[in-house]
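Below: the structure, in structure tokens.
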Amino acid sequence: MSREQDRRRLVDQFYRKHGPCCAGCDWWRFHNSVVGECTRSAPVSGGDRIAMLGMEGCSLPDRAGHILTPRDHLCGEFIDTHDWEAKQ
């Protein structure tokens, strides 16, 4: 199993256990098993990207992009069109 497949498995397990959240949202693209970016929103400045993670600084380059959110976040834009029954 590749690292990406392993991360996907962990994200899917979290979603199944906790219900609606970023981990199961069609708009969310994981970076690791805990944090991902919401592609529903327009790109923002680098500092604004990490604001929802509660971080005051980051060792990664401060580049613009989609907002980063924790996997357990839930907003009003949540959508899940995946057929989970077919996946099992």
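Rule-based calculations on the coordinates, nothing more; no lab input. Only a predicted model underlies this, so the values are computations on that prediction, with no experimental measurement involved. Methodologically, a virtual Cβ is constructed for each residue, glycine included, from the backbone with ideal geometry; neighbour enumeration extends over all protein chains shown.
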Exercise for the section: Being surrounded by fewer than 16 Cβ atoms within 10 Å (Cβ to Cβ) and within 11 Å of the chain's Cα centre (by Cα) narrows it down to one of Val11, Val34, so name that one. Expected result: Val34
Practice task
Determine whether Ala23 is aliphatic (A, V, I, L, M) and either touching a Ser or Thr at 6+ places or on another chain (Cβ under 6 Å) or loosely packed, with under 15 Cβ neighbours inside 10 Å (or both).
Solution key: no
Practice task
Taking Gly54 as meeting all but one of (1) more than 16 Å from His73 (Cα to Cα); (2) in contact with a Pro (Cβ under 9 Å, 6 or more places away or on another chain); (3) small (Gly, Ala, Ser); (4) loosely packed, with under 12 Cβ neighbours inside 10 Å, write down the number of the exception.
Solution key: (1)
Exercise for the section: State the number of residues belonging to the stretch 36-63 that are under 24 Å from Gly24 (Cβ atoms) and basic (Lys, Arg). Expected result: 2
Exercise for the section: Please specify each residue of the stretch 63-76 satisfying the condition of being out of contact with any His (no Cβ under 9 Å at 6 or more places or on another chain) and surrounded by 13 or more Cβ atoms within 10 Å (Cβ to Cβ). Expected result: Gly65, His66, Ile67, Thr69, Pro70, His73, Leu74, Cys75
